[in-house]
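J.: Can you read through this structure? Questions will come right after.
The values are calculated or read from the model by the stated rules, or taken from the named source; none is laboratory data. Note that the structure is a prediction, hence the values are computed from the model and not measured. Heads up, the Cβs are rebuilt from the backbone with ideal geometry, glycines too, and the neighbour counts pull from every protein chain shown.
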């Protein structure tokens, strides 16, 4: 964009409110205050972070949840003015001596789940927000016009600005605002933008895009806080963007206690990445798409709305292809110092459809979840079509996991006769029809056609298809791949009981960032008993939550495996890397810790989030059940695709001889067995977590964790805890 054009855009801004503050250096990982903005009345205020806040909620996601709790009630709905968007990095977030420390967490009351949602994201915004002086940002109220919130960490000034002329779509507005708020071209790397896109004006399945400037490629790039609909809330509040500017980054911007300890941990992990990454997952050149081939090989890749776990066409979108297409001539980290460098992109991709047809763009990704969602799950194995969908989903602000599952659900409904061209506005939603999928994406952005229906997610469509088209609600329930209103991430869990629990018991809904246990159970055979599965479903969700308290990416923990892991007693935990995180926490804060200490931090927040769900009218056992397709075969074609496996299970585990039984009878017997088995798992997990048989954290558990605050104790007791 020409300099004059950006200047003209800036001239149209009008300051609606401003707030000056003293810039105080971050000490021991904390800025010591949070920033509150009310869009309805223009209030901007600083709020202190006290010792109790740190002790109970640590930082990052914990701060986000606590601030959102304080701002809302159990009756707050996603589009109420009192709902907030809260963003925070974390205590360790922003250090540059260890890979994967640029993460942020976003929380809000979700238009998809109608309860609290959290979504994590990379990019520069979270660390810059903290170094600009704020441990968290909470935005409440609704503007009556399009606004931009600008946090100037260099001058100590927050301004709320009317912004009538900027674009809404991410690839345009992020470039415009990066240039607008940078003092010169070199300063662009010190600006980070949060935006959504046009689809977020209409579709519930929209997230937020967080930018980082790539100086080697001269590109503004993005990562996504995609899950749960925060983008829809963002645009409902008439926010065009949030911008932070901070140019004082250095190796000790966190005011750490022991830099030598941080460097010790960083040196160890960086050496391992150099030595092992080329032979393990090759994250530096392939990134997460390496998973396509592995998931396909182990029958875990979602194909045709999770009916199948592999496809002979999977190689067309596998990591081998993307390694050739990605531009990896320079490092691809989404935060400074990340030697894992897995944030790849395809340059100079020429768009063929939509408002930007004919333009050459850089496409961030695709990541594995996009390939599994809008690729194999929809039967789309054309890499150019996947890239086109990827780009437009990003710039329009659409979550590709929810998008892929929603389209795949419609494609199966089309195949079953529930949908037809009359109901879809003429679209033939057959497997692999990428043109129809792209048209749905563009309709979401335009706010028209069947795309708006698809954009509300699978839970809303289940209700609509049953009520308006007479579809069988039971069948729709079985095949709509969502739990708690959130679409399931892209791993086939039919044969992994532990992963079924990992998805359905997850706090926000079925996202793999809480518990990814498929390989432990299916490949490494490490979870043979209910007790072992329950222990894994205690440890890993709590441990993984810890990363979001501190602004950390999980990939350096378990996508690089050290040599010491060969002799580790519990290799799935990667003990050497856990030791690194103990060093990082001590190095930043000065407090010496063990794994038990870190787990306790996280378990407090994990249980608090469960109680938050409870306050919102959810958070009990009946919300913790997956659709049956996540557990077993719904249709005859699914059963018959694995008939030998299922027949053997009936004979050896259920005690039924399948000889002479027709497929329907075998499916019924298998379903009864698998559903009963899932209930037994839930019983074991609740017991291990210190919850009641209905999934409520007990008062004793709250006391043990030191979060027996009066309002939490009362809530627990009201629900039998």
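This table checks each residue for (1) over 26 Å from residue 235 (Cα atoms); (2) assigned by TED's automatic domain parsing to the domain that holds residue 302; (3) surrounded by fewer than 24 Cβ atoms within 10 Å (Cβ to Cβ); (4) without any contact (Cβ under 8 Å) to a residue 24 or more places away in the chain.
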| site | (1), (2), (3), (4) |
| --- | --- |
| 398 | no, yes, no, no |
| 403 | no, yes, no, no |
| 406 | no, yes, no, no |
| 425 | yes, yes, yes, no |
| 429 | yes, yes, no, yes |
| 445 | no, yes, no, no |
| 449 | no, yes, yes, no |
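J.: Any chance you could count how many residues in the stretch 586-630 are in contact with a helix residue (DSSP H, G or I) (Cβ under 9 Å, 6 or more places away or on another chain) and at positive phi?
T.: Final tally of qualifying residues: 1.
J.: Among the numbered criteria (1) free of Cβ contacts under 8 Å to residues at least 60 places away in the same chain; (2) buried (at least 21 other Cβ atoms within 10 Å of the Cβ), which one does residue 82 miss?
T.: Condition not satisfied by residue 82: (2).
J.: Okay, next question. Give me the pairs: first residue in the stretch 302-326 and at negative phi and free of Cβ contacts under 8 Å to residues at least 24 places away in the same chain, second residue in a loop (DSSP other than H, G, I, E, B) and surrounded by fewer than 20 Cβ atoms within 10 Å (Cβ to Cβ), beta-carbon distance under 9 Å, and six or more apart or on different chains, which are they?
T.: 310/298; 310/299
J.: Considering every residue within the stretch 19-41, establish whether at least one is assigned by TED's automatic domain parsing to the domain that holds residue 111, farther than 15 Å from residue 129 by Cα and modelled with pLDDT under 95.
T.: no
J.: If residue 459 passes every condition in (1) at pLDDT below 95; (2) closer than 17 Å to residue 373 by Cβ but one, which one does it miss?
T.: (1)
J.: Restricting to strands (runs of 3 or more DSSP E) lying wholly in the stretch 137-195: which have 3 or more residues that are in contact with a strand residue (DSSP E or B) (Cβ under 7 Å, 6 or more places away or on another chain), assigned by TED's automatic domain parsing to the domain that holds residue 37 and within 18 Å of residue 88 (Cα to Cα)? Outline the logic, then answer.
T.: Values: elements: 147-152, 157-162, 191-195.
Strands (runs of 3 or more DSSP E) meeting the threshold: 147-152, 191-195.
J.: If you don't mind, there's one more thing I want to ask. Is it the case, given these coordinates, that residue 117 is in contact (Cβ under 8 Å) with a residue 24 or more places away in the chain, in a loop (DSSP other than H, G, I, E, B) and within 25 Å of residue 705 (Cα to Cα)?
T.: Considered against the rule, which asks whether it is in contact (Cβ under 8 Å) with a residue 24 or more places away in the chain, in a loop (DSSP other than H, G, I, E, B) and within 25 Å of residue 705 (Cα to Cα), residue 117 comes out as no.
J.: Given the residues 680, 664, which is the only one that is in a helix (DSSP H, G or I) and either in contact with a strand residue (DSSP E or B) (Cβ under 8 Å, 6 or more places away or on another chain) or over 19 Å from residue 530 (Cβ atoms) (or both)? Let's see the steps before the verdict.
T.: Details: 680 fails: either in contact with a strand residue (DSSP E or B) (Cβ under 8 Å, 6 or more places away or on another chain) or over 19 Å from residue 530 (Cβ atoms) (or both).
Selected residue: 664, the only one of 680, 664 that is in a helix (DSSP H, G or I) and either in contact with a strand residue (DSSP E or B) (Cβ under 8 Å, 6 or more places away or on another chain) or over 19 Å from residue 530 (Cβ atoms) (or both).
J.: Considering each of 24, 37 in turn, give the residue that is touching a residue at least 60 places away in the same chain (Cβ under 8 Å), buried (at least 17 other Cβ atoms within 10 Å of the Cβ) and over 22 Å from residue 604 (Cα atoms).
T.: On the way: 24 fails: buried (at least 17 other Cβ atoms within 10 Å of the Cβ).
From the options 24, 37, the qualifying one is 37.
J.: Please tell me if residue 652 is within 17 Å of residue 628 (Cβ to Cβ) and either surrounded by fewer than 17 Cβ atoms within 10 Å (Cβ to Cβ) or not assigned by TED's automatic domain parsing to the domain that holds residue 624 (or both). Let's see the steps before the verdict.
T.: Values: within 17 Å of residue 628 (Cβ to Cβ): no; either surrounded by fewer than 17 Cβ atoms within 10 Å (Cβ to Cβ) or not assigned by TED's automatic domain parsing to the domain that holds residue 624 (or both): yes.
It is false that residue 652 is within 17 Å of residue 628 (Cβ to Cβ) and either surrounded by fewer than 17 Cβ atoms within 10 Å (Cβ to Cβ) or not assigned by TED's automatic domain parsing to the domain that holds residue 624 (or both).
J.: Could you grab me the full set of residues in the stretch 688-703 that are exposed (fewer than 15 other Cβ atoms within 10 Å of the Cβ) and assigned to a helix (DSSP H, G or I)?
T.: Answer for the stretch 688-703, where residues must be exposed (fewer than 15 other Cβ atoms within 10 Å of the Cβ) and assigned to a helix (DSSP H, G or I): 700, 703.
J.: Something else: Could you list, in sequence order, the residues of the stretch 492-513 that are at pLDDT below 95, surrounded by fewer than 23 Cβ atoms within 10 Å (Cβ to Cβ) and closer than 22 Å to residue 610 by Cα?
T.: 512, 513
J.: For residues that are surrounded by 15 or more Cβ atoms within 10 Å (Cβ to Cβ), touching a helix residue (DSSP H, G or I) at 6+ places or on another chain (Cβ under 8 Å) and closer than 27 Å to residue 209 by Cβ, tally how many sit in the stretch 223-264.
T.: Qualifying residue count for the region: 18.
J.: Could I ask something else about it? Which condition breaks for residue 517 when tested against (1) under 23 Å from residue 684 (Cα atoms); (2) in the same structural domain as residue 608 (by TED's automatic domain parsing); (3) in contact (Cβ under 8 Å) with a residue 24 or more places away in the chain; (4) surrounded by 24 or more Cβ atoms within 10 Å (Cβ to Cβ)?
T.: For residue 517, the failing item is (3).
Per-residue answers, yes or no, for (1) touching a helix residue (DSSP H, G or I) at 6+ places or on another chain (Cβ under 7 Å); (2) more than 30 Å from residue 52 (Cα to Cα):
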{"site": "673", "(1), (2)": "yes, yes"}
{"site": "683", "(1), (2)": "no, yes"}
{"site": "686", "(1), (2)": "no, no"}
{"site": "690", "(1), (2)": "yes, no"}
{"site": "700", "(1), (2)": "no, no"}
{"site": "704", "(1), (2)": "no, no"}
{"site": "717", "(1), (2)": "yes, no"}
{"site": "721", "(1), (2)": "yes, no"}
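J.: Given 292, 256, which one is at negative phi, within 25 Å of the chain's Cα centre (by Cα) and at pLDDT 95 or above? Step through it out loud before you land on a result.
T.: Details: 256 fails: within 25 Å of the chain's Cα centre (by Cα).
After applying the criteria, what remains is 292.
J.: Go through the stretch 384-407 residue by residue and tally those that are closer than 20 Å to residue 309 by Cα and out of contact with any strand residue (DSSP E or B) (no Cβ under 9 Å at 6 or more places or on another chain). Break it down into steps so the answer makes sense when it comes.
T.: Filtering the stretch 384-407 down to residues closer than 20 Å to residue 309 by Cα leaves 386, 400-407.
Then keep just the ones that are out of contact with any strand residue (DSSP E or B) (no Cβ under 9 Å at 6 or more places or on another chain); that gives 386, 407.
Qualifying residue count, the stretch 384-407: 2.
J.: Let me ask something else. Taking only the stretch 76-110 into account, find how many residues are within 13 Å of residue 230 (Cα to Cα), in contact with a helix residue (DSSP H, G or I) (Cβ under 7 Å, 6 or more places away or on another chain) and in a loop (DSSP other than H, G, I, E, B).
T.: 4
Every residue, every condition in (1) over 16 Å from residue 212 (Cβ atoms); (2) in contact with a helix residue (DSSP H, G or I) (Cβ under 9 Å, 6 or more places away or on another chain); (3) in a loop (DSSP other than H, G, I, E, B), yes or no:
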residue: 315; (1), (2), (3): yes, yes, no
residue: 323; (1), (2), (3): yes, yes, no
residue: 337; (1), (2), (3): no, yes, yes
residue: 341; (1), (2), (3): no, yes, yes
residue: 362; (1), (2), (3): no, yes, no
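J.: Do we have residue 68 as assigned by TED's automatic domain parsing to the domain that holds residue 155, buried (at least 16 other Cβ atoms within 10 Å of the Cβ) and in a strand (DSSP E or B) here?
T.: Values: assigned by TED's automatic domain parsing to the domain that holds residue 155: yes; buried (at least 16 other Cβ atoms within 10 Å of the Cβ): yes; in a strand (DSSP E or B): no.
Spelling it out, it is not the case that residue 68 is assigned by TED's automatic domain parsing to the domain that holds residue 155, buried (at least 16 other Cβ atoms within 10 Å of the Cβ) and in a strand (DSSP E or B).
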